[in-house]
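The values are calculated or read from the model by the stated rules, or taken from the named source; none is laboratory data. It should be emphasised that the depicted structure is a prediction, and the values quoted were computed from it without experimental measurement. Neighbour counts are summed over all protein chains in view; Cβ atoms, including those assigned to glycine, are modelled from backbone coordinates with ideal geometry. To get the accessible areas, we keep the full protein, side chains included, count just its heavy atoms, and leave off ligands, DNA and RNA. Shrake-Rupley method; radii C 1.70, N 1.55, O 1.52, S 1.80 Å.
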Amino acid sequence: LKDQFDNLDKHTQWGIDFLEKYAKFVKERIEIEQNYAKQLRNLVKKYCPKRSPKDEEPRFTSCIAFFNILNELNDYAGQREVVAEEMGHRVYAELMRYSHDLKTERKMHLQEGRKAQQYLDMCWKQMDNSKKKFERECREAEKAQQSYERLDNDTNATKADVEKAKQQLNLRTHMADENKNEYAAQLQNFNGEQHKHYYIVIPQIYKQLQEMDERRTIKLSECYKGFADSERKVIPIISKCLEGMILAAKSVDEHRDSQLVIDCFKSGFEPPGDFPFEDYSQNIYRTISDGTISTPKQEGMRIDTKTTVGKAKGKLWLFGKKPKPQSPPLTPTSLYTSSTPNGSQYPIFSIEPVHYCMSDIKTGKPRIPSFRSLKRGLVSWHFCLQGPALEDFSHLPPEQRRKKLQQRIDELNRELQKETDQKDALIKMKDVYEKNPQMGDPSSLQPKLTETMSNMDRLRMEIHKNEAWLSEVEGKVAARSDRRHSSDINHLVTQGRESPEGSYTDDANQEVRGPPQQHAHPNEFDDEFEDDDPLPAIGHCKAIYPFDGHNEGTLAMKEGEILYIIEEDKGDGWTRARRHNGEEGYVPTSYIDVTLEKNSKGA
């Protein structure tokens, strides 16, 4: 039994060591969760955009989705911190507290067992001492009896010696009887304590140790469950984080991103136009006589009327048809009619008008709006990359300049509204001070009120200045749109910004915009240009708002009126439409609801 007590001592110590080992495991798991959450947060912080409020970086859907994923990942890191915190409070702290209590209880039970064992050992020693004393007294009594019998049988012994030996025998016998009784009492007492020790005390201590060990096992089971519950509680939130990532991935719209790129880099410049034809054979034709062109030359110079008229169809100015290009007047003798063998006739030009036109093309400086637009775009791009940002954003392309100015005007209006609210608040506070002087001095608010009024005046001037720049940009965009509608009729007509010598100038204030010179064409081809076939309808629209249409080339409309669409908006804010009676013109795109018909062949 003593050995089993020692075994139980070792077993309970092993149980406490195992409990502490599991607590150490939970602690390391908590550290892993904390480090994982910390690394995730650092990762999110590293890749989160660090933008100032005024930063105008295009918010592409792919970027927004990535930022949402970062936010979800940050929430996921927070859930890992929740797991670590829950494990720390519910599992690790509970294990450490219970381990301390378990050690105290085990120590108490072992001390009780050792005390019981020591008491039993003491009883055994007392019984053993009484036994040895009884044994010693019995031997002494036997010696006294042998001495008495020897003296009693000896005839030479005196009576006094015999009596003395007899008294000694009686004394030893009496002491042996007393030790016998004491030994019997100690033996009975020891047997009783031993029975109590092995049947009552020790089993009770063992039972307490068993209950303690079972409670330790139950506590481990609860901690195992709490360890898993700490993870399971955050699974729904983690699932929501993952679902948020999936939704962010599904929100990516490639078409919207493409449109953002278009809106961001749209310059408003015109694309390059066609190169003019430069005739280097005019010196050859000068040597020919001024008479009619020979038959081979007439065939070579025959004009394809269908091609010429077809190119001119559908090319209108924003405010009416484009004026006819300048050309030298043709003399009555400059146009002849030649007959073919089958009797058909076709017009033939004389050499002089053709030579004159070719000479004008060759000697004059080319004035092509496309080159000016290309140069303007390159200069603006150069300023964007290297040059300083100007206050009026004149270094930017027209479309980007318009957006920047509009954004600045909106910001200034918001600041003006704040200053207005502040002024109203100061005025109310001043009225309160004037009615209740004990609350404050009204004159103390005058400097702040004056400063606010000055700020409002400054903001109004800034808004007025930026609105003027915006109007200038919108006017230029509209003018470029007008030129774009008319640029396909005749490439020799002067358009856009040119210096008096026909070269490009960067100064917008030096631009000279004037209508192209119009010269009458007293020839029979004018009627063909005037009588263009109507363009086919590509859709229809409904007027959302009424439009007066006072300017030339525009079309008045009433709210709810249905019109045909014959030309889409080219980016200038105007759409070409036609009524049922055939009247055509441009209407604002923002005033109509357009429905395009992909397979429409026209009215």
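State the percentage of accessible surface on the stretch 539-596 attributable to carbon and sulfur atoms; use a 1.4 Å probe and exclude ligands, DNA and RNA. Exposed carbon and sulfur together represent 46 percent of the surface. Legend: residue pairs LYS107/LYS219; LYS133/LYS166; LYS266/LYS558; LYS125/LYS196; LYS418/LYS570, Cα-Cα distance threshold 27 Å; pairs beyond threshold, LYS266/LYS558; LYS418/LYS570. Ligands, DNA and RNA are left out, and with a 1.4 angstrom probe the accessible area of the stretch 539-596 is 54 Å² per residue. If you plug the beta carbon distance of ASN413 and LEU449 into 1/(1 + (r/R0)^6) with R0 = 22 Å, you get a FRET efficiency near 0.55. A 1.4 Å probe run over the stretch 4-261, with the rest of the protein chains in place, finds 67 Å² accessible per residue. If you take all C-alpha pairs in the stretch 539-596, what percent of them are over 15 Å apart? Looking at the stretch 539-596, the distances longer than 15 Å represent 35 percent of pairs.
The packing ranking of peptides 536-547, 551-562, highest mean first, is 536-547, 551-562, where packing means the average number of other beta carbon atoms within 10 angstrom of each residue. Charged side chains reduced to their Cβ positions (Lys and Arg at +1, Asp and Glu at -1) give the stretch 398-478 a dipole of some 240 debye around its Cα centre. Using a/c under 1.5 as the rounded threshold, could you call the stretch 74-126 rounded, prolate or oblate? The axes a ≥ b ≥ c are square roots of the C-alpha gyration tensor eigenvalues, and prolate needs a/b larger than b/c, oblate otherwise. Prolate is the answer for the stretch 74-126, as a/c is 1.5 or above and a/b outweighs b/c. For the listed peptides 250-259, 586-595, a ranking on the average number of other beta carbons within 10 Å per residue, highest first, reads 586-595, 250-259. The C-alpha atoms of the stretch 17-148 occupy a region whose extents along the principal axes are 133, 20, 16 Å, arranged from largest to smallest. For the stretch 398-478, the solvent-accessible area works out to 62 Å² per residue, with a probe of 1.4 Å and every protein chain left in place. Here the gap between ASN68 and GLU20, fully extended at 0.36 nm per residue and compared with their Cα-Cα distance, gives a gain of 13.0 nm. Rolling a 1.4 angstrom probe over the stretch 91-227 with all protein chains present gives an accessible area of which 50% lies on carbon and sulfur atoms. With the cut-off at under 20 Å, measuring from each backbone N in the stretch 394-412 to a point 7 Å along the Cα-to-Cβ line of ARG59 picks out 403-412.
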